[in-house]
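Asker: Structure incoming, see below.
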Amino acid sequence: MTLFRLLQRKSVVFPDLATNAERLDTWKKFELAANNSVALSTIGAALVGSAYGQATNTPSGYGQGGEGYAKRFGADMARSASDNFFGTFLIASVLHEDPRFYLKEHLSFKQTVKYAAVRVVITRSDSGERVVNFAGLLSPLAGEALANTYYPEGSRDVSSTFIRYGADLGWRFGGNLLRQYWPSINKKLRLLPPTPDSATMPK
């Protein structure tokens, strides 16, 4: 019997947690991309990332103070929106990939770490097959390339772009770990009412 439950019909923290294995059409992928872009997890990651950028003065062109933090936060939210548009919607629609995250039950911590890492590069197709996660791998790079149009001068070169891209993949891995544990965390902390069981990745 599953122990994983979502916060609502769709999680307000992680909207991409799969609640069923039904195929998403193009419009539903667009809706998911929009929901992901304003999810609590996205806002939280932007707040943390902006604070780290403020502490390390990265990008330095944004400066310090409230204005600098606001610019960093806005840029992080814009990068997430671009990532979701390109990955969750555009690439996933063209390549028929399922952009949702499917939980796996009864995993040890070591198995969970492995699953979170594998899910960065492997995903589920619309037909339920295991496929390379092109949407998840290419969308951060596309988002970072677009970010170079509004990032300050000195942070738009190839090196900076790929450093941010590498960090994006690291964040994605961490997010997968948190997604795997999130329904259990919510159940224990009773943050929001639980609802029907979430979908799990087929073995």
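The values are calculated or read from the model by the stated rules, or taken from the named source; none is laboratory data. Bear in mind that the values here come from a model prediction, so they are computed numbers and not experimental data. Heads up, the Cβs are rebuilt from the backbone with ideal geometry, glycines too, and the neighbour counts pull from every protein chain shown. With ligands, DNA and RNA removed, areas are computed over all heavy atoms of the protein, side chains included. Shrake-Rupley method; radii C 1.70, N 1.55, O 1.52, S 1.80 Å.
Asker: Out of region 92-121, which residues are in a helix (DSSP H, G or I) and either open to solvent by less than 30 Å² (accessible area, probe 1.4 Å) or under 20 Å from ALA51 (Cβ atoms) (or both)?
Answerer: Of everything in region 92-121, those that are in a helix (DSSP H, G or I) and either open to solvent by less than 30 Å² (accessible area, probe 1.4 Å) or under 20 Å from ALA51 (Cβ atoms) (or both) turn out to be ALA92, SER93, THR112, TYR115, ALA116, ARG119, VAL120.
Asker: Answer with yes or no whether ALA75 is part of a helix (DSSP H, G or I), open to solvent by 60 Å² or more (accessible area, probe 1.4 Å), under 25 Å from GLY154 (Cα atoms) and small (Gly, Ala, Ser).
Answerer: no
Asker: Here is a follow-up. Quick check on region 164-176. Is at least one of its residues of a type in the set (A, V, I, L, M, F, W, C), modelled with pLDDT under 95 and assigned to a helix (DSSP H, G or I)?
Answerer: yes
Asker: Another one. Consider region 14-50. How many of its residues are open to solvent by less than 50 Å² (accessible area, probe 1.4 Å) and either farther than 16 Å from THR88 by Cα or of a type in the set (S, T, N, Q) (or both)?
Answerer: Total meeting the criteria: 10.
Asker: Could you tell me which numbered condition ARG156 fails, if it satisfies all but one of (1) open to solvent by 60 Å² or more (accessible area, probe 1.4 Å); (2) charged (D, E, K, R); (3) more than 25 Å from THR58 (Cα to Cα)?
Answerer: (3) is the only condition that ARG156 fails.
Asker: Out of contact with any His (no Cβ under 8 Å at 6 or more places or on another chain), surrounded by 16 or more Cβ atoms within 10 Å (Cβ to Cβ) and β-branched (Val, Ile, Thr): does that describe THR56?
Answerer: Considered against the rule, which asks whether it is out of contact with any His (no Cβ under 8 Å at 6 or more places or on another chain), surrounded by 16 or more Cβ atoms within 10 Å (Cβ to Cβ) and β-branched (Val, Ile, Thr), THR56 comes out as no.
Asker: Filter region 96-124 down to the residues that are within 12 Å of ASP25 (Cα to Cα) and out of contact with any Gly (no Cβ under 9 Å at 6 or more places or on another chain) and list them by number.
Answerer: Once the filter is applied, which keeps residues that are within 12 Å of ASP25 (Cα to Cα) and out of contact with any Gly (no Cβ under 9 Å at 6 or more places or on another chain), region 96-124 yields only HIS96.
Asker: Same structure again: What number goes with the only condition from (1) part of a helix (DSSP H, G or I); (2) out of contact with any Leu (no Cβ under 7 Å at 6 or more places or on another chain) that ARG124 does not pass?
Answerer: Here ARG124 clears every test but (1).
Asker: A follow-up question, please. Given the criteria at negative phi, touching a residue at least 60 places away in the same chain (Cβ under 8 Å) and open to solvent by 20 Å² or more (accessible area, probe 1.4 Å), does ALA142 qualify?
Answerer: yes
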